[in-house]
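Here is the structure we will look at.
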Ligand code: AHR
């Protein structure tokens, strides 16, 4: 396991003094009455040691035709009783626009390899009704198709990313989708797009060539998929600007066998991007985690970081591999889900808790630390599925809440487009203090996550290469890791301002157990 932190926790003078005070008090008061002194933790920020740009795409999102993500979540239809903007759920659009969604991947997931784009264009009456075979066998009416997806991206300011069908599709079907979306005018497909009320090309840059081709995307062997990728790629160009950025199906987690098999089979026909998926499973239901299960799940983020480092190194070892972007195309926590709740709320509907916000913070911190190795990371998924940013009370529900995950993402927003810089801590690994930092203009942004359920931290920063004049901090915290924003109490978890002491190259902040925080420093 690679940890950026060394494993020796150190106790500073403050910690020792606080510890001594607590010790003497125990002789007078029962132990449970005495607040434990925070554990001291030191962090060195090397503003002079640049890692790379924090691409906004590291905060990407994923929307699949699954449960109530699209139908009932993002899309309620123009005639819905739920407040909508031309069919899009207005509350969801408003909050997503406010957060900023850099990139949105659609229509799957597993769904992508059984999706036929022509069935989702044109007048509603002509659209096919199709069985969603992967996610419950119910019938979808295709009322949300390519035009509706592009419309959503424009509303929330997201770059569209279309996942193409390799499993049950053909090179011709996918090349036609690229032409339909991107060719400016004159071809029959471009004219058809114009007749469907979009004369301007959609200019889609990101194209997935299959999803999880080792599993629901066709159960292929790596060499078989490599053959398919090469065959499809031949036909996916020549449609004007932008040139399609082709993303190949990468491994499940850190599966080196898949990665090697595909990359060797691709020979000189390397993709633009290689997409790995990494889920952090949980044995408990979202709002009933035990401390042990939570610790197991949160510890898995050290493995995610290892996987990113190792898959990047593996890619770099292939001829032309260095130029291939590494994507963490699907990531997040996947808890044990209750069958009854899924029937009511939609498949894979999962409550977002303080625990999952901590998990989001661990992920976003590691993306900053590995910013030179990653081109895009898409959390699964944006609304009503797995580690979502927003939840609605079922597909017909009017109510919509921002989950704890939403706030974790908003805490990391100041890093977007900045340069990530190196940090060093003496925190215990893999479940110790997690940190990252980035600089830009006259700002230094520091993010911290305390994943411990049993220790508050007092964090002392030393800044190298940056002199701070002032600073402010925001925090998301609840000592109850199962706490969440319910429809009755939608603001239980929200961002709060938090005290921070700034003195030139020294910064001090108290970080309670189970918290995610961001400090923004202005230079002196
Ligand atoms: O995000 C849910 C599913 O997880 C996706 O459809 C699939 O790609 C992955 O296995």
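All of the numbers you see were taken from the coordinates with simple rules; none came from a lab. Keep in mind the model is a prediction, meaning the values are calculated, not measured. Counting neighbours? That spans all protein chains shown, and the Cβs are built from the backbone with ideal geometry, glycine included.
General observations
- Once C-alpha pairs closer than 8 Å and six or more residues apart are averaged by separation and normalised to the residue number of the chain, the relative contact order reads 20 percent.
- Taking a ≥ b ≥ c as the square roots of the eigenvalues of the Cα gyration tensor, the range 386-428 is prolate, since a/c reaches 1.5 or more and a/b is larger than b/c.
- Using only alpha-carbon positions in the range 405-467, the gyration tensor eigenvalues give semi-axes of 22, 16, 9 Å once each is multiplied by 5 and square-rooted (largest first).
- By the beta-carbon count within 10 Å of each Cβ, the least crowded to most crowded order of 134, 336, fewest first, is 336, 134.
- Take the Cα of residue 119, go 7 Å toward its beta carbon, and the backbone nitrogen atoms of the range 206-240 under 20 Å from that spot belong to 208-213, 216-219.
- A simple packing score, the average count of other Cβ atoms within 10 Å per residue, orders the peptides 201-213, 414-426 as 201-213, 414-426, with the highest score first.
- Working ranking of peptides 250-259, 229-238 by packing, defined as the average number of other Cβ atoms within 10 Å per residue, highest first, is 250-259, 229-238.
- Projected label points at residue 143 and residue 323, each 7 Å from Cα along the beta carbon direction, are separated by 4.6 nanometres.
- Between residue 86 and residue 195, the FRET efficiency from the beta-carbon distance, with R0 = 22 Å, is close to 0.70.
- Distance between modelled label sites at residue 316 and residue 269, nm, 7 Å Cα→Cβ extension: 2.8 nm
- For the pair residue 36 and residue 497 in one chain, pulling the backbone fully straight at 0.36 nm per residue adds 163.7 nm over the alpha carbon distance.
- Whole-Å semi-axes of the ellipsoid equivalent to the range 173-285 (Cα gyration tensor, √5λ, descending): 31, 18, 11
- Antiparallel DSSP beta bridges within the chain, as percent of all bridges there, nearest 5: 55 percent
- In terms of its alpha-carbon gyration tensor, the range 248-316 comes out prolate; a/c meets the 1.5 threshold, and the first ratio a/b outweighs b/c.
- Cα shape, the range 449-494, gyration tensor, a/c 1.5 rule: oblate
- Were the residues from residue 131 through residue 227 laid out at 0.36 nm apart, the gain over their Cα-Cα distance would be 31.7 nm.
- Distance between the 7 Å Cα→Cβ label points at residue 235 and residue 53: 3.4 nm.
- With R₀ set to 51 Å, the beta-carbon distance separating residue 506 from residue 336 gives a calculated FRET efficiency near 0.70.
- With R₀ fixed at 25 Å, the C-beta to C-beta distance from residue 98 to residue 472 puts the FRET efficiency at about 0.80.
- Cα-Cα pairs of the chain separated by more than 32 Å (percent): 44 percent
- Distance from the Cα centroid of the range 83-117 to that of the range 274-312 is 25 Å (rounded to whole angstrom).
- Centre-to-centre separation between the Cα atoms of the range 475-511 and those of the range 217-233: 46 Å.
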